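This report refers to the structure that appears directly beneath it.
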Amino acid sequence: MVKKWIESREVKPESEYEEAKRKFEMAMGCPFITLQLELPLGFEGFNNEFLKLEKDQQFHEEVKDLIKKRLLLDSRRKKRL
């Protein structure tokens, strides 16, 4: 029981720190989102390639382009309504 209490207290300050850090970064710069993506089902053989995407700048640019397209599409849909 004591171990559970200690473990829960260790996690909380870190999560509070991360939340404060995120708010600070948002206030000081451009807004951002953080996604946790899992390897899609059926792609288990691509584990190494999937993990490399995290640092792949071309992949990051492709995701940015996808976000731009999505935001523009959402904006156009709102104008129609």
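Just so you know, all these numbers are worked out from the coordinates, no wet-lab data involved. All of these numbers come straight from a predicted model, not from anything done at the bench. A quick note on method: Cβ atoms are made from the backbone with ideal geometry, for glycine too, and the neighbour counts reach across all protein chains shown.
Okay, here's what the table says:
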quantity	calculated
Least to most buried among 22, 77 (fewest other Cβ within 10 Å first)	77, 22
Dipole in debye (nearest 20) - the chain, about Cα centre, beta carbon charges: Lys, Arg +1; Asp, Glu -1	740
Lys/Arg +1, Asp/Glu -1 at C-beta; the chain dipole; positive extreme among 20, 72, 50	72
Neighbour net charge for residue 32 - beta-carbon separation under 9 angstrom, K R +1, D E -1	0
The chain: angle of helix 57-80 to the longest principal axis, Cα-based, in degrees nearest 10	70
Local net charge near residue 49, Cβ-Cβ under 14 Å (Lys/Arg +1, Asp/Glu -1)	-1
27 Å Cα cut-off, lysine pairs counted over region 37-81 (separation 8 or more, or different chains)	12
Sum of -39500 (n - 2.57) over DSSP H runs of 4+, divided by residues of the chain (222 nm, nearest 500)	-24000 deg cm²/dmol
The chain: mean projected area of Cα convex hull, nm²	10.1
Largest to smallest principal axis extent of the C-alpha atoms in region 35-81, angstrom	44, 24, 14
